[in-house]
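To start, the structure itself, in structure tokens.
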Amino acid sequence: MHADRPNRRRPRLAPGLVAAATAAACCGALAQTQAPLSPGFSPPSSPPALLDAVIGGADYRLAAQVARVQVDVARDAIPADGQSAVEVTVRLFAADGKPVAGKVFVTVEHSAGRVLLPGAPTDEFGPQGRDADRATPGVQLAVEQGVARFSLLAPFEPQDVRLRVTAGAHTAEGLVSYVPEMREMLATGLVEGVINLRRGGPIEPVRTGDPFEREIQRWEREFSGGKANVAARAAFFLKGVIRGDTLLTAAYDSDKDTRARLLRDVRPEEFYPVYGDSSLKGFDARSSSRLYVRLDQGKDYLLYGDFETGAGFSQRSGGGAVAPLAQRSLGNYNRTANGVRAHRETERWLGNAFLMRDTLRQVVEEFVSQGSGPYGLNNYAVLEDSAKVEVIVRDRNQPSRIVSATPLTFGVDYGYEPFSGRIVLTSFLPAFDTQLNPVSLRVSYEVDQGGDSFWVAGLDGQWRLGRGVELGGAIVDDRNPLAAYRLGSVNASWRLGERTMLVAEAARSTSEVNTNPANTANTPGLAGLSGDVQGQAWRVELAHEDARWDARAFAGRSEPEFNNPASPLQGGRGELQAKAGYQLSEPLKLFGEVLRSQDRNPGGGHRDAAQLGARWKVTESLTVEGGLRHVRETDGTIQPIAGTPFGSTSGLNGSIATGSGGGAVGFGNQLIDPVTGVAVINPGAFLPPSGGTPNARSLEATSLRLGAGWTVSPRVSVGGEIEHEVDGDDKRRFALGADYRVAERTRLYARYEHQTGYTSPYAITGGDVAAGERRSDAMSLGIDSTYFKDTQLYSEYRLRDAISARDLQLASGVRNLWNLAEGWRLTTAAERVSVQDGAQPTTWALAAGVDWFANPLWKGSTRLELRHADDTASTPTNDAFSTLLWQASLARKLDRDWTLLGRNYLLRTDYRARGDVLQDRFQVGVAYRDTDTNRGNALTKYEYRVERDASGTEPLSFHSHLVSGHADWHPSRPWWLTGRAAALWRKDRLEGGVNDNFKAVLLSGRAVWDITENWDVGVLASSMFGQRGARQSAFGAEVGYLLRTNLWLSAGYNFSGFSADRQLQGYEYTQPGVYLRLRFKFDEDLFKHNSRETNRALDR
């Protein structure tokens, strides 16, 4: 699917079985080789299953006769204009190869764009009543006599849209490419200059912005001893086709704040909770510098602006596809930066390059699950929006290996809490997945280290040499004078057949570590080294699946000096896993597994394990399984411990009252080393952490494992297994579980596991604790769903023309997982971890959330989360604590003109040995939009904040009430009136028992009168009332004259001025003195004065 053949290719989505095998071979899923807890359970990332139920108007039982799903897309390389439609044809075939007779319901999922069903209107409400089951994610479509058609409407941004069609247990999935829209040129901009004559000396404003326009700062010169200055500003945005086949997007602003944030996006919650506007918002030219330029030609592009690196250098804004197979993992390089980036793609090769110059240093931190959070970072000078947040799943038997890494999206999957900007997830992060693999959160972000700028460059490519063979490579050179870094990798893949894939990769890293406070390294292999270190790593992965055989294999080895936080294989490891199964007969399957895990760091040991067994399907409902497992461990450290979930307080103590940071939005100042003057950059948390409990002696055990799984009904299955040593060291384990299928791709699950003498099914307890004395329990209850993120959310969750779906979901903080019924969604979770050896505390967490959107005029959601950690007996103090996180949101469309939204965020932490900490922010906002005459608009909000911290040596507190309102009124054509009122009351209790109070009220107004088409006059007045009768006022007047089309001359005088509190002030600010301003605004017609269509004065 390439842009140079937009109408010649008809993409066909791959059958799910083939697609799954390919993904497993190349994208890291091979790492998941842990057998299910019992044969009754579905494997991780469970495939779809036939649902024996009727939900809404969809009878899912009819899909039992489907044996194959085929999906054809009419064309590829469609313009991403938000409205172009491409026809999609779905065909269902039975086991005999003939089309399925009768009516069958399928589920259509798409990662972007909109689905238009036959006969449905193309309005913002999407499929609406044409969707046969609105309680289930995706769109349910009726397929009659084996064929159905629908249209996929284009998204607004270029990208590859994932399209998936599911019928019972069968699926087809593929990509539909959308390329930039070749639109006519659109341009807008201004050029202005100003002369300020101020009384007295120069005055430094609290905020930029004169009474009528922003104050110009970038190009400014002072004269007359600082009593006067002259300044100029230019800004423009343009987008359109040049040279017939190239799309140009460019933006520039000479007065732009260049260190505001990376990958800037609209954040409507920053000012008022609700705006009464449901329009979709977005940035088209993201750049933290003053300039943005991008050239698009099909899928190829060249840009200067903000971008993300990574596997395939995928872009948040699209404009180029990632490599179809993720052959590169050891050589992954994930950064968020501003600079130059290029992408080139043909049928045989794909290449990317980037170049940036900055003072940024990347930090990667990984956190054991703490539920929804908050998660506090270890550095303060974090560049806003530079964070890349991912959910990491590690193999429970080999925790140094990453099974999967799922990126999260800001505003959908996570946000920032309102006190110090710590990361808060919009859904509970479990400590374990369905197979009890540990789950963690990884955050990669940029810290400004200061000093001189330096260059960072990268290049990668993939070449298709022939049928099924690809070669690739990547190189990165970071010339940071404080932490130089180089990374190179090569990879090769070979598709041996339709269902067999082999991938190999090698990588080398060179790092400068532990020579200054900015390059501290704390991984086991690097902690004791200093200077330039070099390490290598390699891996080989194989996947095969056919009617009788299925095999997965992974082999990887890394030197202790290998340093790449984005790699799925940690430095200083040797890992091998191979698993195979053979279907001997219809009811009987043989399986085997081999594992080797080696700690190659000083003092490390290794573990070897093997298993042989058989699985017998006794009846359609009952399956039994048995096998022998042998484990042998040497002395020394085998595997670091991943840590205890829900037991960390690192994200709980960041607040304005306590002075702690941890936010991802640059709250606080980075520490400076007093000796070297270099910024102290903390390397942050890393999982698994160094150390672990070494074996005091060699350990060996052989155990017998028996299990059974029972399908109680088509929707309910239960199972269990038991394991006991038959030779060697003590080793006992039993596990129980249950699944309840609520949709084809959604299930409720419960898991419980008790172990004695185990650290995992393939590991024996080491250290000085006797194997029989160490016991652990793990319990997990949650929801497992493999549906795409609900792209129909915008149609069902928006509030009638008042709030867009993305804004409302961001305000509510609830991520929807389980659709109970139309208009009702629920998320639940419960987990408990217990290790009875005195070294780790028992922890548990409970979470529940409800989302209601059945009424188009009402939207409501709430989420409650509790977590607790007991005391650790081996510590001298009582470490027990409990937290409560509560979020709630309610939106109401009062009538055609009025909208209300209220929300609350509360976090309470209770420490057993000391006082508690409370943070609460409550907001209510009202928006007025005159929808009939469009003459008036108003925005108001009330906000209450409280912070109480009694956990230290003395209690601290902070209380504030804030009321603010903006209003615009246009009574007639020549008159424009605007006003603002704000009031702030604040009461603080500081160190030493000091109490501090503050009260202030700000009133401001502005009126503009268009006297004629060429003349206007305006006045502005502001007053701020403070404590004890204090008052400050400002008054200004301005006269403007239109010299010619779009060229305006203004003169004004400010009689007095003041500086207000930032929370009250908003964008109003006055400075005394006279000023002259010349402004010129332009659009795409600026250079078309010779065109009769533009210049009406020309002869026709």
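Selection among Leu482, Gly466, Asn516 by position relative to the dipole of the range 429-537 gives Gly466 as farthest towards the positive end (Cβ unit charges, Cα centre). Among His959, Pro971, Leu939, whose Cα sits farthest toward the positive end of the charge dipole of the range 938-1012 (+1 at Cβ of Lys/Arg, -1 at Cβ of Asp/Glu, about the Cα centre)? Farthest towards the positive pole: Pro971. 3J(HN,Hα) along the range 1045-1054, derived from phi through the Karplus expression 6.51 cos²θ - 1.76 cosθ + 1.60 where θ = phi - 60°, amounts to 3, 6, 10, 10, 10, 10, 9, x, 9, 9 Hz, with x in place of Gly and Pro. Each residue in Ser453, Ser111 was given a count of other beta-carbon atoms within 10 angstrom of its own, and listing them fewest first yields Ser453, Ser111. Using R0 = 45 Å, the C-beta based FRET efficiency linking Ala187 and Trp858 works out to 0.60. Taking 7 Å steps out from each Cα toward its Cβ at Val340 and Leu990 produces label points 5.0 nm apart.
If packing is taken as the mean number of other Cβ atoms within 10 Å per residue, what is the order of 472-485, 1040-1053, highest first?
On the way: 472-485: 19.5, 1040-1053: 14.5.
Top of the packing list down: 472-485, 1040-1053.
Return the loop-located trypsin sites (Lys or Arg not before Pro) in the range 934-972 (DSSP other than H, G, I, E, B) with at most 15 other Cβ atoms within 10 Å of their own Cβ; answer none if there are none. List each step's numbers first, then the result.
Numbers: sites: Arg935, Lys941, Arg945, Arg948; in loops: Arg935.
In loop regions of the range 934-972 (DSSP not H, G, I, E or B), the sparsely surrounded trypsin sites (Lys or Arg not before Pro) are Arg935.
Applying a DSSP loop filter and a limit of 13 other Cβ atoms within 10 Å to the trypsin sites (Lys or Arg not before Pro) in the range 347-432 leaves Arg348.
Please work out how much length the chain gains when fully extended from Ala1051 to Val147, using 0.36 nm per residue of separation minus the C-alpha to C-alpha distance, in nm with one decimal.
Values: separation 904, 0.36 × 904 = 325.44 nm, distance 7.05 nm.
Once the chain is fully extended between Ala1051 and Val147, it gains 318.4 nm.
Each residue in Val850, Val382 was given a count of other beta-carbon atoms within 10 angstrom of its own, and listing them fewest first yields Val850, Val382. Stretching Val716 away from Leu628 to a fully extended chain increases their span by 28.8 nm, per 0.36 nm per residue minus the current alpha-carbon distance.
Ranking His343, His544 by Cβ neighbours within 10 Å, fewest first, what do you get? Before the final figure, lay out the partial values.
On the way: His343 23, His544 19.
Least crowded to most crowded, the residues run His544, His343.
Sorted from longest to shortest, the spans of the Cα atoms of the range 868-1019 along the three principal axes equal 82, 36, 21 Å.
Compute the Cα gyration tensor for the range 458-607, then decide on rounded, prolate or oblate, letting a ≥ b ≥ c be the square roots of its eigenvalues: rounded whenever a/c is under 1.5, prolate when a/b is larger than b/c in the other cases, and oblate in all that remain. Note, shape of the range 458-607 comes out oblate. Take the Cα of Thr953, step 7 Å toward its Cβ, do the same at Arg1044, and the gap between the two points is 7.2 nm. Inter-part distance, the range 921-978 to the range 527-569, computed on C-alpha centroids, equals 53 Å.
Suppose R0 equals 56 Å; then what is the FRET efficiency for Arg162 and Gln1027 from their Cβ-Cβ distance, rounded to the nearest 0.05? Don't skip to the answer; put the middle values down first.
On the way: r = 59 Å, r/R0 = 1.05.
Approximately 0.45, to the nearest 0.05.
The magnitude of the dipole of the range 335-470, with charges of +1 and -1 set on the Cβ of Lys/Arg and Asp/Glu and taken from the Cα centre, is near 460 debye.
Charge tally around Pro99: other residues with Cβ under 15 Å, Lys/Arg +1 each, Asp/Glu -1 each, net +2. Taking 21 Å as the limit for the C-alpha separation, the pairs Lys893/Lys941; Lys859/Lys893; Lys859/Lys941; Lys589/Lys731; Lys98/Lys617 exceed it in the case of Lys589/Lys731; Lys98/Lys617. Between Ala101 and Ser834, the simple spin-label model (points 7 angstrom out along Cα→Cβ) gives 5.8 nm.
Any read-out appearing in this document is the output of simple, stated calculations on the displayed coordinates, not a laboratory observation. It should be emphasised that the depicted structure is a prediction, and the values quoted were computed from it without experimental measurement. All Cβ positions, glycine included, derive from the backbone under ideal geometry; neighbour counts span all protein chains shown.
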